[in-house]
Amino acid sequence: MPTETEVKTREQKAVTSYQTPEVWAKVAGKAIYGIDLKLPGMLYGKILRSPHPHARIMGVDLEQARQMPGVRAALGGGDLSCKPFGIVYKDELPLALDRVRYIGDEVAAVAAVDEGIALKALEAIKVDYDPLPAVFDTEEALAPGAPQLHDQYPGNLAWQRELTRGTPEAAFKAADLVVEGTFSVPQVHAAYLEPICCVADYDPYGGLTLHTAVQSPAVVSELVADVLELPSSKVRIVGPVMGGGFGGRVYGNLKVYIIASLLAIKCGRPVRLQLTRQEEFIAGRPMIAAKIRGKLALNNDGLILAREVDLITDNGAYSAQAPWVSKTLSERNDSVYRIPNIRTTVRLVCTNKVPTGQYRAYGNQAGNFAMESLLDMAAKKLEMDPLDLRLKNCVKKGDVTVHGLQINSCALSDCLQAAADEIGWHKRKPGRGYGISAAIHASGSLVFDKNLRGASAYARLEYDGKVTLFSGEQDYGQGMHATFILIAARALGLDPDQVTIYTRDTLTAPFSIGALAMRQTTIGGKAVQLAAEKLREKMVQAAAEMLGEPVVMEGGRVRSASGKILELPEIAAYYRAQTSGLSITGEGKYVPPASAYDETGYGNISVAYSFAAHAAEVEVDQETGEVTIKRIVAAHDSGRILNLISARGQVYGGVTQGLGYSCLEGYLFDGGRVLSDSLANYRIPTALDVPDIIPIFIEEDDTEGPFGAKGLGEIVMVPVLGAVANAVADALGMRVTDLPITAERIYQAIAGWECEQ
Amino acid sequence: MQKELISFTLNGEIIEVYADPAISLLHLLRNELGLTGTKEGCGEGECGACTVLLDGRAVNSCLVPAGKVKSRSVLTIEGLARGDQYHPLQEAFVEKGAVQCGFCTPGMIMSAYSLLQEKPDPTGHEIKTAISGNLCRCSGYKQIEEAVLDAAEKLKRKGKSS
Amino acid sequence: MSYQVVTNLEQALAALKNAAEKSRIIAGGTDLFLEKLPENLLDVSSLAEALVIEERGSNLLIGAAVTHARAAASPLLCKKARALTEACAQVGSPQVRNIGTLGGNVINAAPAADAAVALAALGAKAELLDCSGNTRIVELEELYAGFNCSAIDSCQELLLRFMVHSGGPGSGSAFTRLAARKALALPMANAAAWLRVENNCLWEVRLVVAPVKPAPTRLFKTEALLAGKPLTAESWREAAQAAMEEVEVRGSLLRCSADYRRHLVGVLVGRVLETAAGRALTGKGEA
């Protein structure tokens, strides 16, 4: 572990580390986000949504809307010839054809010269619905006789999985202690501050251009092309600045882009389609809700022998990414500890509620809540310190976990110890509760595309001597651009101000899976490093040709053995002359080390793994049940931290999101209607709700990541859920097993306990 | 409502605009006047992304009818920098890493500006209270608080509070 | 004119008269804007007579156009109407407090509107004017016609100001609320108390909790129980129990269940009485 001096020295260097000039545009109010865009001749689109949770569509009458002055297009499902689409399963249409399956389901869309007219046009559309019985609860949906949502999901089971590794049954029989519990988490929304907005622009020659900020523009452009049956090279995404993503802007809102495109193609004019904040909540794809039944088997020494999980996740009306998220939720936590035997059952169930997408950490944090709660329950029964129980079982460098994850770098034990020390684990304040929790997350998960596991980038020497990077990775405020510039600058020996990066145009950016799977630093950053190194090699080569002798590059210029100096613009000019106009370009292709995984998912699914331990100190008002979180210590192993100022920002922000998930956030439904459909009723933390958060970075170089770095962006919100749940249980003497942990839930727990007395 | 002549002081300049007094000040700024620095995050006064100063006090412009600003003074994020000279708050936000996606930033800076006018030497709690109506999903607010403290220091050194 | 701003009473009443009930009074506008804005608006947020905060004899006059922020920061109100300043400081967010007014808060008629709850505990009366200048003075409760429904037609009458008795020696007041988060949140329940102490016993108590009825409602039975009681934890416990029995509560999916709300009422009543009593003992003639 680095000494305080080393960290301070690095911090001093890193605090003055790089932020791109875009940050100045942001503080001046000059940055252009999707909602700020205006194109000449732009029309305004609006979507008509189903008021019924489940109904047949008997007819859609668009005539009156079409005739309205100022309306340029009105479309219903019957006007389209699109085939069904989806991320995992193709179960959605851009506009419903014969059935609607949730309140908010897209039925029709209009484009008009202004928003007021578009809204009036919606009111003029007549839809004849024949309501059908609806189902809102997953267990009811599974029961025989329940209303069926999709022919392709018999019994409303959209996806299921049963997985056994080792011999869990024997392990449970042999165990000295078995603890079990049932936990639940609600749907949660990424709640990025900028609503989804897309300006679609179509011309028959250039094709379709979508001006919209997405985390995976290359993938979205191909998905849109596929649905619209356009050649993929004729769908271009140009991103304005992104106002937050957190997984919610990956591709869950595909429908918005498709509908905007359909309207633009119909009208021959750009169409702006923006979700209102209410639409964000009722149709903007939150993350799955889940009921988690978990069991742990341990021996008297505190060794974990086996784990069993039975998970039911709520698909909502359509699947999108829900099967993948369900999978991660069910099993990621198995790899935090050395657990030799596991048994997992997962069922993804359709209900007539809002369909789901994905969110930061992909369900890992929900699994963390359940797993870490069970561990503390075990610790209590064994009369063992919860910290010691974790230290005893946590994975270490060199391990291969029960799912085949190869842990090549791991400072988890150090994280646990550091978090505990800083929170005062052994010096507790009276009247406070303390909890700790550990997590793992894939840093560069490889499972999203079997055929494309890595990333690529270009580094180009400009004629003025500056360097331009091209990458398909996305920055939505988490500092990706700045980090990539630092990586390239370091590889080239240049000042960061000499490097610029472009990522937001699919026309010029290499293909990328996008900002997900915590892959951007590990995989995207590595490609940038390789591209920069390749560029350096080529520049040196060209310079050597120019001078006819060996040269070395240092401090941003090239020097020969005999002392001659060449500046970069000279080398660029030379190369341009030699090649009749080309620029020296370094191509970086990062192909991660081979990793095989079988059809059960067993294998090394990621390039690297990041670890974290969070410790929480809380106070519970036993009369009102109000929880006050006093401090969170967040200890992280993300390898070498390349950009400290932005790494700290990730911890503060991610922990705060985790606190929201733990104590404040969660969808509330009345049947199929989302009640929490505004920022007033879906409550994310305000500045007054955030406690002291202390980030600690334990830096041990990873073997693969660029300059030893691993990802940080998703794992930051994982262990805080378990830490808070455990701290509250410690303060209260009893446990809340449903999120969010509200004052009322605590009151119910106390009242229930008092009843039993 | 019928359009009316709305005359008010905007970023130090008296302007006249012909607009429907029933639209929000936010829409007046963004759509009629092309000042897109002030953002719309929710349209119902719950996120603070639309914060501007009305007669020196921070308000949610999405809930202010345009007619209300007649003869009054409005300050938006575009009015903070003087030419190419950024305001100490803007500099501090950059230096302290208080800007991630940046969407909440204009509103956040305006709330902080309003605070420093009233309290040039704020405590951490006063800062948190002043920005409690500005939601940020990216940052966890900590570096924002540090930036406001830093800006207060900068302004004190300059010998003024604005 | 469709959006008219008035700065004095004469102007305001003339405009009301001219509009012949077609123009609606608007102050801060934050609640009004969330619904559909009426066709014609009469903006009284700069109306001088509605902006007063002053003491006249044994009364405090608080203009209806006073914003929550101004009220919260007023030294006079902090001294003599502490429950009100505490309530105003916790509403919404700074942006809402800077423009939302006390009058608007009452006219919007939300059952747990914090300022209204405090005003009710302080025994506030409201002064209304019609367009001919006729005045009437009513109890705060009379301004409510139902849940979220004002008894005042803001196209006909102007709510000008509130009158509150300055407490006098031995009095104290307090306000408290519990919400799901620490800003931008409506309360799950709130409570306000004003009381007067003599010889270390409760001489007079006004106790209000919300949301219980459409209007902020006094708990008369609990108040009666407290008369003459000593300032002890036992008294506060008794009051909490009595309050829980006296209130009829409703639950909501979005905020909290009826059972929890009732429990909260008990807790908040005990706390607010204790705080008010402490202030009555230490304050010298302050409310």
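So residue A:116 clears everything in (1) in a helix (DSSP H, G or I); (2) in contact (Cβ under 8 Å) with a residue 24 or more places away in the chain; (3) more than 34 Å from the chain's Cα centre (by Cα) except one condition, right? Which one?
(2)
What is the residue count in the range C:36-58 for residues that are outside any loop (DSSP other than H, G, I, E, B), over 16 Å from the mean Cα position of the chain (by Cα) and either within 14 Å of chain B (Cβ to nearest Cβ) or of a type outside the set (Gly, Ala, Ser) (or both)?
8
Residues that are basic (Lys, Arg) and touching a residue at least 40 places away in the same chain (Cβ under 8 Å): list the strands (runs of 3 or more DSSP E) wholly contained in the range C:144-224 that include at least 1 such residues.
Working: elements: C:144-146, C:157-165, C:171-179, C:187-198, C:201-210.
Where strands (runs of 3 or more DSSP E) fall fully within the range C:144-224 and carry at least 1 residues being basic (Lys, Arg) and touching a residue at least 40 places away in the same chain (Cβ under 8 Å), they are C:157-165, C:171-179, C:187-198, C:201-210.
Mind checking which residues of the range A:243-263 are out of contact with any Gly (no Cβ under 7 Å at 6 or more places or on another chain), closer than 24 Å to residue A:472 by Cβ and in contact (Cβ under 8 Å) with a residue 60 or more places away in the chain?
Once the filter is applied, which keeps residues that are out of contact with any Gly (no Cβ under 7 Å at 6 or more places or on another chain), closer than 24 Å to residue A:472 by Cβ and in contact (Cβ under 8 Å) with a residue 60 or more places away in the chain, the range A:243-263 yields A:243, A:245, A:246, A:247, A:249, A:251, A:254, A:255, A:256, A:258, A:261.
Looking at the range B:63-76, which of the residues that are of a type in the set (Val, Ile, Thr) and touching a residue at least 60 places away in the same chain (Cβ under 8 Å) is farthest from the other protein chains (Cβ to nearest Cβ)?
The residue in question is B:74.
Among the residues that make up the range B:134-154, is at least one of them under 30 Å from residue C:32 (Cα atoms) and surrounded by fewer than 24 Cβ atoms within 10 Å (Cβ to Cβ)?
The answer is no, given that none of the residues of the range B:134-154 is under 30 Å from residue C:32 (Cα atoms) and surrounded by fewer than 24 Cβ atoms within 10 Å (Cβ to Cβ).
When only residues in the range B:18-50 that are under 13 Å from the mean Cα position of the chain (by Cα) and more than 8 Å from chain A (Cβ to nearest Cβ) count, which is surrounded by the most Cβ atoms within 10 Å (Cβ to Cβ)?
Restricting to residues being under 13 Å from the mean Cα position of the chain (by Cα) and more than 8 Å from chain A (Cβ to nearest Cβ), the top hit is B:48.
Residue-by-condition table, conditions (1) in contact with a Cys (Cβ under 9 Å, 6 or more places away or on another chain); (2) closer than 24 Å to residue A:190 by Cα:
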site: A:688; (1), (2): no, yes
site: A:704; (1), (2): no, no
site: A:709; (1), (2): no, no
site: A:724; (1), (2): yes, yes
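List the number of the failed condition for residue A:622; all other conditions in (1) at pLDDT 95 or above; (2) within 11 Å of another protein chain (Cβ to nearest Cβ) hold.
(1)
For the range A:192-277, which strands (runs of 3 or more DSSP E) that fit wholly inside it have 3 or more residues that are away from chain B (no Cβ under 14 Å) and within 26 Å of residue B:43 (Cβ to Cβ)? Talk me through it step by step, then tell me what you get.
Values: elements: A:197-203, A:207-211, A:235-238, A:271-274.
The strands (runs of 3 or more DSSP E) meeting that bar are A:197-203.
Conditions tested, residue by residue: (1) within 10 Å of chain B (Cβ to nearest Cβ); (2) on the phi < 0 side of the Ramachandran plot; (3) in contact with a His (Cβ under 7 Å, 6 or more places away or on another chain); (4) surrounded by fewer than 20 Cβ atoms within 10 Å (Cβ to Cβ).
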{"residue": "A:661", "(1), (2), (3), (4)": "no, yes, no, no"}
{"residue": "A:670", "(1), (2), (3), (4)": "no, yes, no, yes"}
{"residue": "A:675", "(1), (2), (3), (4)": "no, yes, no, yes"}
{"residue": "A:683", "(1), (2), (3), (4)": "yes, yes, no, no"}
{"residue": "A:688", "(1), (2), (3), (4)": "yes, yes, no, yes"}
{"residue": "A:726", "(1), (2), (3), (4)": "no, yes, no, no"}
{"residue": "A:729", "(1), (2), (3), (4)": "no, yes, no, no"}
{"residue": "A:739", "(1), (2), (3), (4)": "no, yes, no, no"}
{"residue": "A:755", "(1), (2), (3), (4)": "no, yes, no, yes"}
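Can you find a residue in the range A:658-675 that is at pLDDT below 95, polar (S, T, N, Q) and not in a strand (DSSP E or B)?
Looking through the range A:658-675, none of the residues is at pLDDT below 95, polar (S, T, N, Q) and not in a strand (DSSP E or B).
Hey, among A:689, A:701, which residue is touching a residue at least 40 places away in the same chain (Cβ under 8 Å) and not aliphatic (A, V, I, L, M)? Steps first, answer last, please.
Details: A:689 fails: touching a residue at least 40 places away in the same chain (Cβ under 8 Å).
Just a single option satisfies the conditions, and that option is A:701.
Are any of the residues in the range A:10-23 at pLDDT 95 or above and surrounded by 19 or more Cβ atoms within 10 Å (Cβ to Cβ)?
Among the residues of the range A:10-23, at least one is at pLDDT 95 or above and surrounded by 19 or more Cβ atoms within 10 Å (Cβ to Cβ), which makes the answer yes.
Can we say residue C:194 is assigned by TED's automatic domain parsing to the domain that holds residue C:274, touching a strand residue (DSSP E or B) at 6+ places or on another chain (Cβ under 7 Å), surrounded by fewer than 20 Cβ atoms within 10 Å (Cβ to Cβ) and over 27 Å from residue C:18 (Cα atoms)? It would help to see each step written out before you state the result.
Details: assigned by TED's automatic domain parsing to the domain that holds residue C:274: yes; touching a strand residue (DSSP E or B) at 6+ places or on another chain (Cβ under 7 Å): yes; surrounded by fewer than 20 Cβ atoms within 10 Å (Cβ to Cβ): no; over 27 Å from residue C:18 (Cα atoms): yes.
No.
Could you check how many residues of the range A:726-757 are part of a helix (DSSP H, G or I) and either of a type in the set (Lys, Arg) or under 16 Å from residue C:180 (Cα atoms) (or both)? Walk me through it before giving the result.
Let us first name the residues in the range A:726-757 that are part of a helix (DSSP H, G or I), namely A:726-732, A:743-756.
Narrowing the set further to residues that are either of a type in the set (Lys, Arg) or under 16 Å from residue C:180 (Cα atoms) (or both) leaves A:743-748.
Number satisfying all stated conditions: 6.
Could you grab the pairs with beta carbons closer than 6 Å, sequence gap of 6+ or different chains, first residue in the range A:309-338 and among the aromatic types (Phe, Trp, Tyr), second one part of a helix (DSSP H, G or I)?
So the pair list comes out as A:337/A:393.
If you scan the range A:569-622, which residues turn out to be in a strand (DSSP E or B), among the hydrophobic types (A, V, I, L, M, F, W, C) and more than 30 Å from residue A:403 (Cα to Cα)?
A:618, A:620
I need the full set of residues from the range A:514-547 which are surrounded by fewer than 22 Cβ atoms within 10 Å (Cβ to Cβ) and either assigned to a loop (DSSP other than H, G, I, E, B) or of a type in the set (Asp, Glu) (or both), in order please.
Answer for the range A:514-547, where residues must be surrounded by fewer than 22 Cβ atoms within 10 Å (Cβ to Cβ) and either assigned to a loop (DSSP other than H, G, I, E, B) or of a type in the set (Asp, Glu) (or both): A:533, A:537, A:545.
Can you work out which of the residues in the range C:220-266 that are among the β-branched types (Val, Ile, Thr) and more than 14 Å from chain A (Cβ to nearest Cβ) is farthest from residue A:673 (Cα to Cα)? First the steps, then the outcome.
As a first pass, look at the range C:220-266 and keep what is among the β-branched types (Val, Ile, Thr): C:222, C:232, C:247, C:249, C:265.
Still in the list and also more than 14 Å from chain A (Cβ to nearest Cβ): C:222, C:232, C:247.
On the way: C:222: 39, C:232: 48, C:247: 30 Å.
Here the residue is C:232.
Residue A:349 passes all but one of (1) more than 22 Å from residue A:725 (Cβ to Cβ); (2) surrounded by fewer than 24 Cβ atoms within 10 Å (Cβ to Cβ); which number fails?
The one condition residue A:349 does not meet is (2).
Hey, does the range B:51-62 have a residue that's facing another protein chain (nearest Cβ under 7 Å) and part of a loop (DSSP other than H, G, I, E, B)?
No - not one qualifying residue is present in the range B:51-62.
Exactly one of (1) outside any helix (DSSP H, G or I); (2) closer than 15 Å to residue A:54 by Cβ; (3) over 28 Å from the mean Cα position of the chain (by Cα) is unmet by residue A:144. Its number?
(2)
I'd like to know if the range C:9-25 contains one or more residues that are assigned to a loop (DSSP other than H, G, I, E, B), more than 9 Å from chain B (Cβ to nearest Cβ) and surrounded by 22 or more Cβ atoms within 10 Å (Cβ to Cβ). Before you say what the answer is, go through the steps one by one.
Start the filter on the range C:9-25 by keeping residues that are assigned to a loop (DSSP other than H, G, I, E, B), which leaves C:20-22.
After this cut, where a residue has to be more than 9 Å from chain B (Cβ to nearest Cβ) as well, the list is C:20-22.
Now narrow it down to the ones that are surrounded by 22 or more Cβ atoms within 10 Å (Cβ to Cβ): none.
No, the range C:9-25 contains no residue that is assigned to a loop (DSSP other than H, G, I, E, B), more than 9 Å from chain B (Cβ to nearest Cβ) and surrounded by 22 or more Cβ atoms within 10 Å (Cβ to Cβ).
The values are calculated or read from the model by the stated rules, or taken from the named source; none is laboratory data. Note that the coordinates shown come from a computational prediction; the quantities given were computed from them, not determined experimentally. Methodologically, a virtual Cβ is constructed for each residue, glycine included, from the backbone with ideal geometry; neighbour enumeration extends over all protein chains shown.
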